[in-house]
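Every number here is computed from the coordinates shown, using simple stated rules; none is lab data. Here the structure is a predicted model, which means the values were calculated and not measured. Cβ placement follows ideal geometry from the backbone for every residue including glycine, while neighbour counts extend to all protein chains displayed.
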Amino acid sequence: MIIPWFEIGFLPIRIWDILDILIVGYLIYQLYKLLRGSIAFNIFIGIISIYIVWWIVRLLQMDLLSQLLTQFVSVGVLMLLIVFQPEVRRFLLLLGNTTLKQQSNFLSKLLNRPLIINERAKLSQVRAIRSAMLKLSKSKTGALIIVSANPNVEFFSNSGVKLDANISQPLIESIFHKESPLHDGAMVIHENKIHSASVILPLSSNTTLPKSAGLRHRAAVGVTENSQVAAFIVSEETGNLSYAFEGNLSWKISEENLTDLLKRHFTEE
């Protein structure tokens with residue numbers, strides 16, 4: 001016999017019921033974060049509406065309409081996988097990336113390997129990136145810098161030229177110089193080095209992005225939607241600095257915000 005944790009009226013409520021509600025609520029929230037701002041969100045709302053109508057029809061014992069909707073609902077899971085294939089892929093990538101990062105941190109602790117570089121060296125690298133971006137901003141030289149804590153960095157950076165170079169202001173400026181063969185695409189920073197340059201990234205399909213968002217901004221949002229990375233952008237048109245993370249884009253960030261965000265993501269590495 002299962003002993004209820006407590007009772008509300010005549011309904012026994014177990015601790016597992018509370019946990020069940022919390023888990024489902026968390027999953028719905030994560031699903032909302034994953035789909036918000038995309039056409040898929042509207043499709044998802046439409047499917048949920050059909051399920052609600054089907055439930056009401058069954059409750060009212062409207063047999064004919066219930067049979068019709070049942071045929072639709074019975075293939076609902078397959079339909080969801082087809083319609084939301086990009087979102088399902090993004091969710092699995094996010095889950096896999098998180099798991100890989102946890103395993104990497106566990107092995108680092110097990111082997112007594114330091115998880116972060118020396119603070120002085122890290123601050124020096126942050127200053128180098130910051131100074132380079134501010135100089136590129138003043139000259140209105142477009143740039144896109146990805147700071148990756150993703151162990152599977154090759155997944156999105158294999159389209160570029162691998163460098164494995166130390167971070168320095170002159171090198172960053174020379175890569176994004178308009179006459180440089182590597183200035184198109186993104187620079188990827190991983191494990192406190194310039195991992196690669198001229199990386200071609202997927203563009204975001206987010207319909208809420210303003211029409212003024214260029215290819216760099218859409219690529220920045222696109223890569224942060226699919227991978228555990230942060231993106232820093234210098235606009236070629238205005239010289240403004242922007243920042244993208246987890247599919248969200250922040251326009252016209254200040255120099256102080258730039259420094260804080262760089263420190264934050266270097267710490268997470």
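Given the peptides 232-244, 202-214, 15-27, arrange them by the average over their residues of other C-beta atoms within 10 Å, most packed first.
232-244, 202-214, 15-27
Based on alpha-carbon centroids, what's the gap between the stretch 124-139 and the stretch 156-170 in Å, whole number please?
Rounded to whole Å, the Cα centres lie 16 Å apart.
For the ranges 121-133, 161-173, what's the packing order if you count other beta-carbon atoms within 10 Å of each residue, average per peptide, and put the highest first?
121-133, 161-173
Assuming a ≥ b ≥ c are the square roots of the Cα gyration tensor eigenvalues, decide whether the stretch 119-268 counts as rounded (a/c under 1.5), prolate (otherwise, with a/b larger than b/c) or oblate.
Because its axes are fairly even, with a/c under 1.5, the stretch 119-268 counts as rounded.
Determine, from the Cβ-Cβ distance of F155 and V53 and an R0 of 51 Å, the FRET efficiency 1/(1 + (r/R0)^6), rounded to the nearest 0.05.
So the FRET efficiency works out to roughly 0.80.
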